[in-house]
Amino acid sequence: MANKDTKLTGVQKAAILFITLGPEASSKIIKKLPEREIQRITYEIANITSVKSDVKQEILKEFIDMNKAKDYILEGGIDYAKDLLSKALGPQKAMEILDQVAEATEQYRPFAIARKADAHQLLNVITNEHPQTIALILCYLQANKAGQILSALPEEIQGDVAFRLATMSNTSPMVIKEIEKVLNSKLSSVVRSDVTVIGGVQTLVDILNQVDRTTEKNIREGLEKEDPELAEKVNESMFVFEDIVTLDDTSIQRVLREIDTKDLGMALKGCSEEVSNAIYRNQSKRAAAALKEDLEFLGPVRLVDVEKAQQKIVSVIRRLEDAGEIIVSRGGEDAIIV
């Protein structure tokens, strides 16, 4: 199932596009792609059961717009493409389309490094620049990033920068290149585009999930002393809400005794049938029926509220596990023998 409420990846969009175009047209395109991409796209196609009509239309339009952008770039360059697309789609949508084209074709975009930097990094570098320079740089950034920076600028220059943004029209390519050159020089020490990302919290979590319980506990306790905030991130990632299906029924029943009914209903909103059934079968028929009824009347909810409720339950599971009241099986030497 694909819908507008879920942020679709490029591969998912490609899969939906091929479904929309049909097998004959799609086969001509897909055979020209790298084998790895074909595998990823066909996997997504196989796992999409239905696509809403408005989602298909939106992705098809995006595909057409991207092809127009490529033609415009070939015809008159990036600035020419930006000008035409801005008139047709608006400045923000034009920038989004050009971003996608640049990513797919490796076309040159002004301030490419700045677009890779996070808002805090950019803010530190450009805060003391002239308002006109700041406005020019913000014009080439993603809207959300530009918004973050504008909000964080000193109040005495926010209005000036905003005015210059609104009234800016044409800027000399030489001026853009010169400003970009200076900015790239300042950002080069904090933004590296050629560095492979390794390690991180998820890598540690993946490793800890393979070690025995004693080793894991020792490492987590050490992290709590060294960096409590990092330890909390690791703890939150060690067991996700959907992993509740790996608990035995006795453990699930123990967990349910600690959970508020409202949190449970919110946590189950939109989760898999497997997770829901694991909960229902460990409740009384009356409690399960009441929970199902609550879910029916709950209506649309914010994702952040669902995640918050799920994290509350995960925290309960972690606490009960630490107290030895339930067992979370990790396989290997930590496997459970009944």
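A few remarks follow.
- The heavy atoms of Met238 present about 10 square angstrom of accessible area, all protein chains included, probe 1.4 Å.
- Prolate/oblate/rounded label for segment 217-282 (Cα gyration tensor, a/c 1.5): prolate
- Qualifying GluC sites (Glu not before Pro) in segment 105-180, DSSP loop, other Cβ atoms within 10 Å at most 15: Glu106
- Each residue of segment 165-182 was assigned a 3J(HN,Hα) from its phi angle through the Karplus expression (A = 6.51, B = -1.76, C = 1.60, θ = phi - 60°), giving 4, 5, 9, 6, 10, 9, 10, 4, x, 5, 5, 4, 5, 5, 5, 4, 4, 5 Hz with x at Gly and Pro.
- Taking a sphere under 13 Å around the Cβ of Ser276 and counting the other residues whose Cβ falls inside, with K and R at +1 and D and E at -1, yields a net charge of -2.
- The packing ranking, built from the mean of other Cβ atoms within 10 Å per residue, places the peptides 131-137, 158-164 in the order 131-137, 158-164, highest first.
- Taking 27 Å as the straight-line reach from the Cα of Lys308, the lysines in range (excluding those fewer than 8 positions away in the same chain) are Lys4, Lys7, Lys145, Lys217, Lys225, Lys233, Lys262, Lys269, Lys285, Lys292.
- Overall form of segment 127-181 per C-alpha gyration tensor (a/c, 1.5; a/b vs b/c): prolate
- Excluding same-chain neighbours fewer than eight residues apart, the lysines reachable from Lys181 by a Cα-Cα span under 19 Å are Lys116.
- Sorted on the mean count of surrounding Cβ atoms within 10 Å across their residues, most packed first, peptides 279-285, 222-228 read 279-285, 222-228.
The values are calculated or read from the model by the stated rules, or taken from the named source; none is laboratory data. Note that the coordinates shown come from a computational prediction; the quantities given were computed from them, not determined experimentally. Cβ coordinates were reconstructed from backbone atoms using ideal geometry, including for glycine residues, and neighbour counts include every protein chain displayed. These accessible areas exclude ligands, DNA and RNA; they are computed on the full protein's heavy atoms, side chains included. Shrake-Rupley method; radii C 1.70, N 1.55, O 1.52, S 1.80 Å.
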